[in-house]
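Below you'll find the structure, written out as structure tokens, and then a few comments.
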Ligand SMILES: *Cc1c(COP(=O)(O)O)cnc(C)c1O
């Protein structure tokens, strides 16, 4: 399987190189040259299989012959053994044709664990083969850092530096990063915003000297391995509800559009998905793009679903590329313009293609809170604010027929104050994390200055 850049100016590479690079050198995102296909019989055969076996089959279709199937199966077994639920991603019914897929049973209680746990094992495997050591630098608005620290702590070939905006993430989110005791992990509370952290990461990646010196790598949601890992639960959820014989729709709380794009990929691979509802909070760039055909950045507004407080959905470039018939010149032109002006038009034929699968719905703060309370009253399920955005969006999408799966992306206990305020019930942490508040924290504090943080990364990588 070869991977091409959405902007067409970088050479095609194999799976391993696409994963280790993250972003393509021309600024584009890697996508497979063609989508692997599963027949109805192959999809039907997923029924009743353990999650890690389906994961090895689906991810294996993207890795091709670059990762030995036995090794991949073992990595998937280990990755999903860290989840506290036997089903890994269980389904819970919340209405006649409505289900929640709980993606939050991993070590950091957010759906990012699903991809990060396997990604860490892929890195270790590949870097050992190549005799390399890398430094992963990531900026987090809350959940990515915790998932990355949980996945990479104690791994031999990788050091992780996680930058978070000090004082702007929840205490539970912070503690999932800062209580790791392994020496290959460093957390930095930056005196600034998430955007400052992300800008510093970008500058670090553009610094060729630093990049070479510490073999810098990124694990944000543009990494194709994360998308591949997220395709898996579309298959397992749909098959549990009767696929391939029965079409199943999805409703996805969205920010950077990685999770919802994985659903598009599952559909390209042969899964029958009539509709994917892209649910956003008041940071509604995606909802507006699908409804109005204009992809236009707004000002980031803080909400109670902070992992979706994003006004530039990186993975949208992958869908755009697909919907302009994989025309790289057009894609490069559009996203270069977007970076400059913050606003681009989706051509009508591409919008029609997008709306063949996607609809966008934006949900305000009040409705998010009342949905948490309503859902508890109606079903007994205590959902987190991100999931609530999607449950509310599903209610608006009244023209949907057949079963719909809402992807539940975080455990309610990750946002205890807002959930308690909305519902009157304080969610408790699951057993494995119950002592989180008592674990000692360890992190450094630095100003939002690229040079200071680059020097910190370099010194840490050289210890
Ligand atoms: C990251 C995240 C999202 C958004 O997922 P994208 O793939 O970026 O669209 C939604 N909910 C939670 C809890 C998250 O951590």
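For segment 287-308, how many residues are crowded, with 20+ Cβ neighbours inside 10 Å and either under 18 Å from the mean Cα position of the chain (by Cα) or farther than 19 Å from residue 360 by Cβ (or both)? Before you say what the answer is, go through the steps one by one.
Filtering segment 287-308 down to residues crowded, with 20+ Cβ neighbours inside 10 Å leaves 287, 289-290, 295, 303-308.
From what's left, either under 18 Å from the mean Cα position of the chain (by Cα) or farther than 19 Å from residue 360 by Cβ (or both): 287, 304-308.
Result for segment 287-308: 6.
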Problem set entry | Subset of segment 81-98 [in contact with a strand residue (DSSP E or B) (Cβ under 8 Å, 6 or more places away or on another chain) and in a loop (DSSP other than H, G, I, E, B)] | 85, 89, 90, 97
For this session: Answer with yes or no whether residue 159 is buried (at least 18 other Cβ atoms within 10 Å of the Cβ), more than 16 Å from the ligand (Cβ to nearest atom) and assigned to a loop (DSSP other than H, G, I, E, B).
Result: no
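Is it the case that residue 116 is under 20 Å from residue 224 (Cα atoms) and surrounded by 24 or more Cβ atoms within 10 Å (Cβ to Cβ)? Spell out how you get there, then give the answer.
On the way: under 20 Å from residue 224 (Cα atoms): yes; surrounded by 24 or more Cβ atoms within 10 Å (Cβ to Cβ): yes.
The answer is yes for residue 116.
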Exercise. Could we say that residue 137 is away from the ligand (no atom under 16 Å from the Cβ), crowded, with 24+ Cβ neighbours inside 10 Å and either more than 17 Å from the chain's Cα centre (by Cα) or in a strand (DSSP E or B) (or both) here?
Worked result: yes
Problem set entry | The lone exception for residue 101 - which of (1) outside any strand (DSSP E or B); (2) in contact with a helix residue (DSSP H, G or I) (Cβ under 7 Å, 6 or more places away or on another chain); (3) surrounded by 18 or more Cβ atoms within 10 Å (Cβ to Cβ) it fails | (1)
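Within segment 219-308, considering only helices (runs of 4 or more DSSP H) that don't extend past its boundaries, which have at least 3 residues that are out of contact with any strand residue (DSSP E or B) (no Cβ under 8 Å at 6 or more places or on another chain) and either within 16 Å of the ligand (Cβ to nearest atom) or within 23 Å of residue 194 (Cβ to Cβ) (or both)? Spell out how you get there, then give the answer.
On the way: elements: 224-240, 258-268, 285-292.
Those helices (runs of 4 or more DSSP H) span 224-240, 258-268.
Condition (residue is crowded, with 19+ Cβ neighbours inside 10 Å and touching a residue at least 24 places away in the same chain (Cβ under 8 Å)) applied to segment 430-437: is it met by at least one residue? It would help to see each step written out before you state the result.
Within segment 430-437, the subset crowded, with 19+ Cβ neighbours inside 10 Å is 433.
After this cut, where a residue has to be touching a residue at least 24 places away in the same chain (Cβ under 8 Å) as well, the list is 433.
Looking through segment 430-437, at least one residue is crowded, with 19+ Cβ neighbours inside 10 Å and touching a residue at least 24 places away in the same chain (Cβ under 8 Å).
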Exercise. What pairs can you find where one residue is in segment 311-331 and touching a residue at least 24 places away in the same chain (Cβ under 8 Å) and closer than 10 Å to residue 257 by Cα, the other is more than 16 Å from the ligand (Cβ to nearest atom) and in a loop (DSSP other than H, G, I, E, B), and their Cβ atoms are less than 6 Å apart, with a gap of 6+ or different chains?
Worked result: 317/6
For this session: Check segment 70-80 and report whether any residue there is part of a loop (DSSP other than H, G, I, E, B), more than 20 Å from the chain's Cα centre (by Cα) and more than 20 Å from residue 220 (Cβ to Cβ).
Result: no
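Quick check on this structure: which one of 61, 18 is part of a helix (DSSP H, G or I) and surrounded by fewer than 20 Cβ atoms within 10 Å (Cβ to Cβ)? Walk me through it before giving the result.
Working: 18 fails: surrounded by fewer than 20 Cβ atoms within 10 Å (Cβ to Cβ).
After applying the criteria, what remains is 61.
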Problem set entry | Residue check for residue 190: in contact with a strand residue (DSSP E or B) (Cβ under 8 Å, 6 or more places away or on another chain), over 30 Å from residue 54 (Cβ atoms) and modelled with pLDDT of 95 or more | yes
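Take the residues in segment 313-324 that are within 15 Å of the ligand (Cβ to nearest atom) and buried (at least 20 other Cβ atoms within 10 Å of the Cβ), then tell me which one is nearest to residue 363 (Cα to Cα). So that I can check it myself, show each step before the final result.
In the first step, residues of segment 313-324 are kept if they are within 15 Å of the ligand (Cβ to nearest atom); the result is 313-319.
Filter once more, keeping what is buried (at least 20 other Cβ atoms within 10 Å of the Cβ): 313, 315-319.
On the way: 313: 17, 315: 21, 316: 20, 317: 23, 318: 24, 319: 23 Å.
Only one residue fits best here, namely 313.
Only one of 114, 126, 149 is outside any strand (DSSP E or B) and within 11 Å of the ligand (Cβ to nearest atom); which? Write out each step before concluding.
On the way: 126 fails: within 11 Å of the ligand (Cβ to nearest atom); 149 fails: within 11 Å of the ligand (Cβ to nearest atom).
When all the criteria are applied, what remains is 114.
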For this session: Would you check if there is a residue in segment 350-367 being closer than 30 Å to residue 423 by Cβ and free of Cβ contacts under 8 Å to residues at least 24 places away in the same chain?
Result: yes
Problem set entry | Test result for residue 30, crowded, with 22+ Cβ neighbours inside 10 Å and out of contact with any strand residue (DSSP E or B) (no Cβ under 8 Å at 6 or more places or on another chain) | no
Seminar exercise, completed: Looking across segment 416-429 at residues that are over 10 Å from residue 384 (Cα atoms), assigned to a loop (DSSP other than H, G, I, E, B) and free of Cβ contacts under 8 Å to residues at least 60 places away in the same chain, the single one that is nearest to the chain's Cα centre (by Cα) is 428
Exercise. Can we say residue 180 is surrounded by 24 or more Cβ atoms within 10 Å (Cβ to Cβ), within 30 Å of residue 420 (Cβ to Cβ) and away from the ligand (no atom under 16 Å from the Cβ)?
Worked result: yes
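Would you confirm, using the coordinates I've provided, whether residue 262 is surrounded by 19 or more Cβ atoms within 10 Å (Cβ to Cβ), closer than 19 Å to residue 144 by Cβ, touching a helix residue (DSSP H, G or I) at 6+ places or on another chain (Cβ under 9 Å) and free of Cβ contacts under 8 Å to residues at least 40 places away in the same chain? Give the derivation first.
Working: surrounded by 19 or more Cβ atoms within 10 Å (Cβ to Cβ): yes; closer than 19 Å to residue 144 by Cβ: yes; touching a helix residue (DSSP H, G or I) at 6+ places or on another chain (Cβ under 9 Å): yes; free of Cβ contacts under 8 Å to residues at least 40 places away in the same chain: yes.
So residue 262 passes the test.
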Exercise. Residue 120: touching a helix residue (DSSP H, G or I) at 6+ places or on another chain (Cβ under 9 Å), within 14 Å of the ligand (Cβ to nearest atom), closer than 30 Å to residue 310 by Cα and at pLDDT 95 or above, yes or no?
Worked result: no
For this session: Show the residue pairs that are 6+ apart or on different chains and have beta-carbon atoms under 6 Å apart, the first residue being within segment 448-463 and buried (at least 18 other Cβ atoms within 10 Å of the Cβ), the second being in a helix (DSSP H, G or I).
Result: 448/196; 453/200; 454/204; 454/210; 461/214
Exercise. Identify, please: which residue in segment 405-426 is over 22 Å from residue 175 (Cα atoms) and within 16 Å of the ligand (Cβ to nearest atom) and is, among those, surrounded by the most Cβ atoms within 10 Å (Cβ to Cβ)?
Worked result: 406
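The values are calculated or read from the model by the stated rules, or taken from the named source; none is laboratory data. Just so it is clear, the structure is predicted and the values come from calculations on it, not from any experiment. Using ideal geometry, Cβ is built from the backbone for each residue, glycine included, and neighbour counts are taken over all protein chains shown.
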